[in-house]
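Report on the following structure.
What follows is calculated from the coordinates using simple rules that are stated; it is not laboratory data. Not measured: the values here are computed from a predicted model. Positions of Cβ are generated from backbone atoms using ideal geometry, with glycine treated the same way; all protein chains shown enter the neighbour counts.
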Amino acid sequence: MISKATPRRLWNAFVVYASYRISRLLRRPIQWGLPIGLSVEPTTSCNLRCPQCPSGLRSFSRPTGMLDLPSFKRWLRPISGRLWTLQLYFQGEPLLHPGFSEAVRIGHDAGLFTMSSTNGHFLTEAHCHKLVESGLDLLVISIDGVDQERYQEYRVGGSLEKVLDGSRELIRIRKQLKSKTPYLIFQMVVFRHNRHQIEAAKELARQIGFDEIRFKTAQVYDADSAGELIPEEAVYARYARDESGRFGLKNSLPDHCWRLWHSPVVSWDGKVLPCCFDKDAQHIMGELPLADFSSIWRGERYGNFRRALLRDRRSTDICRNCSEGNPVWITPRTRV
């Protein structure tokens, strides 16, 4: 990421952070600069049926579709000089987009640090070549178990063998093309049914040749109904039981949030959303390319949303299950 630094990006990051700190102090929204990071959704489509994911449950009220690449390129260009990171992922499986590698190339050619996350079922030889050649800087591959039985308890409809074979293929082609990228992360979400496989997952990551392994706490949408997924051990969970025995978020939800100042989300159809917890696009700040990004970022809707959060964060529905300030990573990120 440091290699993507420019004086303009560094200055933008400084003024964004300064405006966030001043906003916290004054308890009113001040927004200088443009986003430091941006998440863009290639598609809401997914091949799996994960039980705590809107894509897997097919529970969206918003339509399913694919990012329009010419439109994406047009609205990205004016902000790319100050933007630093581009994450091509929100909901859905990004590699289902037929032009995913082209979307990466658009970000790469703009000098951005590009990254994405995948369930790993589409890492064919041809697709792996495209990914390496696109300039993708970082790819997270979700592997939530070291055997098919445990893996499929959450990754419903998935094949662990297919994911592992695809991961090996991507590493082989990266080596063949003498490329250092994409940096590959084996990510395991820790549930009650797989928490005993942490050490085995580390060994599996080493055997395959990943660069890093991360262990993440699970996010659920109804902690009580999904209680069987949440580990009882506090270190593995972002939820805890209260005196009545009900699960609740550990986070105290203080009245501020860094995400609102530095990393918005754009859905596949151009809707600008405040953060990655607005999965069903309930809080639309504006639409691209109907308006330019800068006017949306500094617009009245965004200002009102930030103001409400600074006054009473719990009153905002998407904040009540937010990981900002909550334990997400179980152990320090581990180089393999």
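Sorted on the mean count of surrounding Cβ atoms within 10 Å across their residues, most packed first, peptides 193-201, 213-221 read 213-221, 193-201.
Before anything else, pin down the relative contact order of the chain: Cα pairs under 8 Å, at least 6 apart, normalised by residue count, whole percent. Spell out each step's value before the answer.
Working: 640 pairs, mean separation 63.6, N = 336.
Dividing the mean separation by the residue count of the chain yields 19 percent.
Here the simple spin-label model places points 7 Å from the Cα toward Cβ, and for ASP68 and TRP329 these points are separated by 3.8 nm. Between GLN148 and GLU125, the simple spin-label model (points 7 angstrom out along Cα→Cβ) gives 2.4 nm.
In µm²/s, what is D for the chain at 10 °C and 1.306 mPa s, where D = kT/(6 pi eta Rh) by Stokes-Einstein and Rh is the Kirkwood radius from Cα pairs? Stokes-Einstein gives a translational diffusion coefficient of 76 µm²/s. Computed packing ranks the peptides 59-72, 108-121 as 108-121, 59-72, most packed first, by mean other Cβ atoms within 10 Å.
Taking label positions 7 Å along the Cα-Cβ direction at both ARG246 and ARG58, the computed distance is 3.2 nm, reported to one decimal.
Given the Cα atoms of segment 7-47, and with Rh set as the inverse mean 1/r over their pairs in the Kirkwood sense, what is Rg to Rh to two decimals?
Details: Rg = 14.8 Å, Rh = 12.1 Å.
Reported Rg/Rh (Cα atoms, Kirkwood Rh): 1.22.
With no solvent and one equal point scatterer per Cα, compute the Debye intensity ratio I(q)/I(0) for segment 1-98 at 0.11, 0.13, 0.22, 0.25 Å⁻¹ and report its log10, rounded to two decimals. Reported log10 I(q)/I(0), two decimals: -0.49, -0.65, -1.02, -1.15. Across segment 144-252, the convex hull enclosing all Cα atoms gives 116 Å³ per residue.
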